[in-house]
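The values are calculated or read from the model by the stated rules, or taken from the named source; none is laboratory data. The model shown is predicted, which means the values in this text are computed figures rather than measured ones. All Cβ positions, even for glycine, are placed from backbone atoms using ideal geometry, and neighbour counts span all protein chains on display. Side chains included, ligands, DNA and RNA excluded: accessible areas come from the protein's heavy atoms. Shrake-Rupley method; radii C 1.70, N 1.55, O 1.52, S 1.80 Å.
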Amino acid sequence: MSQNNSLFNYILKIADNQLILGHRLSEQSSKGPFLEEDIACSNIALDLIGAANSLYIYAASIQGENKTEDDLVFLRSERDYKNVLLVEQPNTDFAFLMLRQFLFDTYDFYFQQALLNSKDETLAAIAAKTLKESTYHLRHSGNWMIRLGDGTTESAMRLKNAMNQLWCFIDELFEQDETEIALVAQGIAVDSNAIKAQFDNHVASIMQNAGMDIPTNIFMQKGGKQGVHTEHLGFLLAEMQYVHRSFPGVKW
Amino acid sequence: MNSLKLDENQLIENFEAKLAKNEMIEPKDWMPEQYRKHLIRQISQHAHSEIIGMQPEGNWITRAPSMRRKMVLLAKVQDEAGHGLYLYSAAESMGISREEMLYQLHTGAAKYSSIFNYPTLTWADMGAIGWLVDGAAIMNQVMLQRTSYGPYSRAMVRICKEESFHQRQGYEIMTVLAAGTPAQKEMAQDALNRWWWPSLMMFGPRDEESPNSAQAIKWKIKRETNDQLRQRFVNQTVPQVEKIGLIVPDKDIKWNDAKNGYDFGEINWDEFWTVVKGNGPCNKTRIAAKIKSHEEGAWVREAANAHAAKINKNKAA
């Protein structure tokens with residue numbers, strides 16, 4: 001794989017995570033448990049989609065051929081999307097969606113922090129902006145973990161259920177393939193292994209405050225980074241892409 | 001008894017003197033009970049409109065046809081939630097709680113703008129809503145920046161800034177569609193056809209049938225009548241329709257030199273009252289969706305309160 005191809009695919013992996021999680025959160029707009037939280041979630045969804053957009057613009061510029069960010073978002077199909085399985089899981093209750101945020105936010109905070117040191121200047125610049133946002137995303141979802149874990153019997157039970165459902169997607173966050181390892185060696189990509197301990201520590205400390213146990217002996221699911229997704233992603237893309245695809249090549 | 005009555009007369013006199021000097025009424029000032037009631041009704045209705053208005057537009061966030069449009073729409077829906085928040089706070093300053101206002105909304109005791117009881121069927125509806133619905137709302141809101149109640153007036157100043165951005169983005173969506181392929185142009189015209197008349201209805205009944213208007217103008221809550229604002233909206237919008245090559249769906253539209261404005265056809269008032277009374281295409285689904293998210297959020301609010309109570313207890317101990 002050429003250098004440009006590796007970089008292109010790496011950027012898409014980062015962008016797809018941000019977009020798909022932002023999309024899931026944007027589905028909740030106007031459905032929040034109270035108005036202030038609705039505003040917070042819409043705002044975070046917008047941050048995620050905005051960060052994805054900057055990355056797609058960069059990826060499109062590497063791809064050339066007059067491609068745009070919209071081509072990458074609206075014209076790739078299920079197998080081309082390389083987001084992790086965690087972010088595509090459909091919204092069920094608030095505990096589930098906020099835990100999904102928290103797990104991703106924790107990963108993303110340390111990921112963006114490490115990406116600041118990338119030798120690729122554009123990636124480092126995008127990371128600098130994204131990190132500011134990731135910092136308050138993490139504070140927001142972390143506070144909710146404690147509120148829900150410590151709040152009522154019901155909220156603790158719901159959070160525990162969510163843990164049992166989502167924990168199986170954790171290992172995939174840190175999975176690296178050969179091209180990614182090569183980019184790490186060049187100082188471009190983040191070495192996910194190096195941020196795993198930070199992730200584990202932060203999650204453990206918040207969950208301890210929340211009075212939550214971290215599940216053990218859970219079989220870890222993977223596949224998103226190879227484009228082998230859960231069945232949920234196809235429906236998400238169908239909804240997201242249908243207007244754009246119904247009118248090929250027009251301006252919006 | 002007599003001295004009390006005198007006091008009340010004196011208070012009314014002071015209140016009216018302030019209005020006459022165009023001074024703002026502030027939350028701690030004395031105000032007639034009817035003034036308070038009128039404003040609580042109007043501000044909460046306005047807040048509810050922002051909140052219910054998130055639904056028809058939120059409906060298209062996941063389907064917006066480009067990244068730019070998606071981000072702008074998401075930001076717009078978020079702005080509306082923010083407007084709801086300022087307005088609930090302004091109403092709270094008159095002594096009603098948010099819970100009480102929500103209860104009134106959920107039980108149908110409080111109204112919201114009927115425009116949001118129409119469905120958003122195509123992407124072009126996002127253009128039509130921004131352009132026409134926000135455009136009509138701005139006519140009202142610009143006037144309300146000079147309303148006599150301080151917190152309401154200040155909320156309006158901020159809201160107007162964002163609304164004019166909303167209107168521009170709506171018109172831009174329509175401009176691009178109207179200049180696009182025949183299918184896109186048709187989508188734009190269809191959206192205009194469906195949203196034109198409901199937008200004119202947003203200004204409310206004709207002046208002679210608007211029972212609260214006279215009092216609201218006397219108290220400087222409103223400064224112009226429904227019909228004046230509606231006429232101004234038509235005058236402003238017709239040239240915008242023509243500029244992008246669409247057709248106003250009203251065969252009676254005609255420039256009238258004598259009144260320096262457009263004549264326009266009769267609004268279907270039966271439809272207006274049908275929707276106001278709860279029988280529009282989406283009245284029931286909008287409220288049902290609002291109640292559903294409120295009920296589904298109950299355990300979240302309880303958890304947050306329970307946690308906060310534990311923290312406070314620990315601090316006190």
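When a/c reaches 1.5 or more, the comparison of a/b and b/c decides; with that in mind, is the protein assembly as shown rounded, prolate or oblate per its Cα gyration tensor?
It is oblate, given that a/c is not under 1.5 and a/b is not larger than b/c.
Check which residues have an amide H placed less than 5 Å from B:G261's amide H, if you skip close sequence neighbours.
When sequence neighbours closer than 5 places are left aside, the close amide H contacts are B:N256.
Could you work out the relative contact order of chain A, using alpha carbon pairs under 8 angstrom and six or more residues apart, expressed as a whole percent?
That works out to 24 percent.
Rounded to a whole number, what is D in µm²/s for the range A:29-149 from Stokes-Einstein with the Kirkwood radius over alpha-carbon pairs (37 °C, 0.692 mPa s)?
The estimated diffusion coefficient comes to 208 µm²/s.
Provide the per-residue ³J(HN,Hα) series for the range B:110-125, in order, calculated from phi with Karplus coefficients 6.51, -1.76, 1.60 and θ = phi - 60°, each as a whole number of Hz, with x at glycine and proline positions.
Couplings: 9, 9, 9, 4, 4, 4, 7, 8, 9, x, 9, 9, 9, 4, 4, 4 Hz.
Whole Å is fine, so just give me how far the alpha carbon centre of the range B:10-26 lies from that of the range B:166-211.
A separation of 40 Å, based on Cα centres.
For a quick check, take a GNM of chain B with Cα springs below 10 Å and name the residue from B:R63, B:R230, B:R146 with the largest mean-square fluctuation.
Of the options given, B:R63 has the highest mean-square fluctuation.
Mind listing the long-range amide H neighbours of B:I25? Cut-off is under 5 Å, sequence gap 5 or more, other chains count too, H placed in the peptide plane at 1.01 Å from N.
B:Y149, B:G150
Do you know the relative contact order of chain B, to the nearest whole percent, from alpha carbon pairs under 8 angstrom that are 6+ apart?
18
Output wanted: per-residue J couplings in Hz (rounded whole) for the range A:103-120, from phi through Karplus 6.51 cos²θ - 1.76 cosθ + 1.60, θ = phi - 60°, x for Gly and Pro.
Coupling constants for the range A:103-120: 5, 5, 4, 5, 4, 5, 4, 6, 5, 5, 4, 6, 5, 3, 8, 4, 6, 7 Hz.
Once Rh for chain B is found with the Kirkwood sum over Cα pairs, what is the Stokes-Einstein diffusion coefficient at 25 °C and 0.890 mPa s, in µm²/s?
In µm²/s, the coefficient rounds to 115.
Cα to Cα, under 17 Å, and not fewer than 8 places away if on the same chain: which lysines meet these conditions relative to A:K67?
Within the straight-line cut-off, A:K67 pairs with A:K251.
Return the equivalent ellipsoid semi-axes of the range B:1-123 as a descending list in whole Å, where each equals the square root of 5 times an eigenvalue of the C-alpha gyration tensor.
The equivalent ellipsoid of the range B:1-123 has semi-axes of 40, 15, 11 Å.
Taking a cut-off of 13 Å between Cα atoms, list the aspartates and glutamates near B:K28, but don't count ones fewer than 8 places away on the same chain.
Partners within reach: B:E92.
So what's the range A:3-246 giving for Rg/Rh, alpha carbon basis, Kirkwood Rh from the mean inverse pair distance? Working shown, then result.
Numbers: Rg = 17.4 Å, Rh = 18.3 Å.
Looking at the range A:3-246, the ratio lands at 0.95.
Could you let me know the centre-to-centre spacing of the range A:97-151 and the range A:1-77, using Cα atoms, in angstrom?
15
If you take the accessible area of B alone plus A alone and subtract the pair, what total do you get in square angstrom, rounded to 100, with a 1.4 Å probe?
Interface area, both chains combined: 3800 Å², rounded to the nearest 100.
From the residues B:N314, A:Y242, B:I40, which one has its Cα farthest along the dipole of the protein assembly as shown in the positive direction, the dipole being from +1 and -1 charges on Cβ of Lys/Arg and Asp/Glu about the Cα centre?
B:I40
Under the 0.36 nm per residue contour assumption, what length would be gained going from the current alpha-carbon distance of B:E295 and B:A308 to full extension? Provide the component values of the computation, followed by the final result.
Working: separation 13, 0.36 × 13 = 4.68 nm, distance 2.04 nm.
Going from the current span to full extension adds 2.6 nm.
If a/c stays under 1.5 just call it rounded; otherwise compare a/b with b/c (prolate if a/b is bigger, oblate if not). Do that for the range B:145-234, with a ≥ b ≥ c from the square roots of the Cα gyration tensor eigenvalues.
oblate
I'd like the orientation of helix A:35-63 relative to chain A: the angle between its Cα long axis and the longest Cα principal axis, in ° from 0 to 90, rounded to 10.
Computed tilt is about 30 degrees.
Could you tell me the calculated FRET efficiency between B:K315 and B:N260, based on Cβ-Cβ distance and R0 = 60 angstrom, to the nearest 0.05?
0.35
Compute the angle between helix A:121-150 and the longest alpha-carbon principal axis of chain A, please, reported from 0 to 90 degrees and rounded to the nearest 10.
20
When the Karplus curve 6.51 cos²θ - 1.76 cosθ + 1.60 is applied with θ = phi - 60°, which whole-Hz ³J(HN,Hα) does each residue of the range B:159-174 get, with x for Gly and Pro?
Here the 3J(HN,Hα) series is 4, 4, 4, 6, 5, 6, 5, 4, 5, 4, 5, x, 5, 5, 4, 5 Hz.
Determine the alpha carbon to alpha carbon distance for each of B:K37/B:K161; B:K111/B:K315; A:K132/A:K222; A:K31/B:K277; A:K13/A:K132 and list only those over 32 Å.
The pairs that break the limit, which is 32 Å between Cα atoms, are B:K111/B:K315.
Determine the shape class of the range A:154-241: with a ≥ b ≥ c the square roots of the Cα gyration tensor eigenvalues, call it rounded for a/c under 1.5, and otherwise prolate if a/b is greater than b/c, oblate otherwise.
It is oblate, given that a/c is not under 1.5 and a/b is not larger than b/c.
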